[in-house]
1. Grab the DSSP H runs of the chain that are 4 residues or longer, score each as -39,500 (n - 2.57), total them, divide by all residues and round the 222 nm result to the nearest 500 deg cm²/dmol.
2. If you take the beta carbon distance between residue 300 and residue 366 as r and set R0 to 51 Å, what does 1/(1 + (r/R0)^6) give as a FRET efficiency, to the nearest 0.05?
3. Given the stretch 242-301, what whole percent of its Cα pairs are spread farther than 16 Å?
4. Each label point is 7 Å from the Cα along the Cα-to-Cβ direction; what then is the distance between the points at residue 35 and residue 409, in nm?
5. Checking a compactness column here: for the stretch 359-419, what do you get for Rg(Cα) / (2.2 N^0.38 Å), N being the number of residues?
6. Pairwise over distinct Cα atoms, reciprocal of the mean inverse distance: report the Kirkwood radius of the stretch 215-362 in Å, one decimal place.
7. Share of Cα-Cα pairs in the chain beyond 37 Å, in percent?
8. How far, in nm, would the chain grow between residue 175 and residue 141 when pulled straight, counting 0.36 nm per residue and subtracting the alpha carbon separation?
Ligand SMILES: [Zn+2]
């Protein structure tokens, strides 16, 4: 029988370590240390074990479900225990090709109650989604939660984390908001590639994207949300109903998460990315503030060369604004830069990229035609047909990539025939 047993929770000031054992063949899904940790910027000594167990359970419970295993823990918060069935059902709806089974065995279910003293804490990566949610809930004076979950066995210096943290602290300071800072190995303590190897086909998605990341990110903040008596943890949406995707971070999952007297809200799902660009640029423009929108994944600053950077840059341009006021070091010849980029990369664009990002940028640029600052861009970008260009580019790519191989094969064959 497959099971995961949480053997020990060790708390030392601002750090908590989880040691667990695994029986059965699901051990292959974990690094051999069987260890997960969190380090916070607050002393967590007084937080009860039933609350501290939440992040551990959250990180492994989807695996318990898809492998029909059992998780055994000593204590767990009642509100969280009660919401697990709803979370499981939400995943089950999202992934109908796999059965979500398994069980949880808890020695002691503990009722934890508090009277909320703070309205909100909001996950804050500094990206476009996070800024949108901040603007929407700023009157609640949210604590800003910033995380780094990619440490290995222990905390190692990370320039990406230092940059994220500094940015969040600076932003918090300028708006008089507190910061919750969390470092962990939640992104590395499991062998995601092993899980993907066994389940990717059935899920039609990866473990991290489809099942793991949202619970990991949200639950990491729960112990401090409990300690600081936060009413609601906000997580900014990165998807929209315009284009249904499977994703661990979905309102049907996130909004089910409960802990002690606290709840979770998946914010701004109804907005497209372009809508969010408008919310953010308008807000800072009206206040005459420059701001760093940090969109480049695992990079210290926006590279201005990747799809995500460029789509955000053009999104800002489409709102009639200058991207350099929003944290993008835009090249002088933006129009040429984008053209070269698309020439090389459009072949790799997914339907999602095209339908919910790039064509909405074009649409908005047409609406704002007279306000666009990069006039030479308008000459070609508005009529750029992404689907056709992708097809053409793919064909060219295949020919240039495969034709020489084919030629070599044929010539080898011919040579053999006449040898
Ligand atoms: Zn980038």
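1. Working: 13 runs with 179 residues, N = 419.
Theoretical 222 nm ellipticity from helices: -13500 deg cm²/dmol.
2. Details: r = 35 Å, r/R0 = 0.68.
In this case the efficiency is close to 0.90.
3. Details: 1144 of 1770 pairs.
Percent of Cα pairs beyond 16 Å in the stretch 242-301: 65.
4. Each label point is offset 7 Å from its Cα along the Cβ direction, giving 5.0 nm.
5. Details: Rg = 21.7 Å, N = 61, 2.2 N^0.38 = 10.5 Å.
Expressed relative to 2.2 N^0.38 Å, the Cα Rg reads 2.07.
6. Values: mean 1/r = 0.0580 Å⁻¹.
Computed over the stretch 215-362, the radius equals 17.2 Å.
7. On the way: 27414 of 87571 pairs.
Roughly 31 percent, rounded to a whole number.
8. Going from the current span to full extension adds 11.4 nm.
No lab work stands behind these numbers, since they all come straight from the coordinates. The structure displayed is predicted, hence computed values, not measured ones. Don't worry about glycine lacking a Cβ; one is built from the backbone with ideal geometry, like all the others, and counts go over all protein chains shown.
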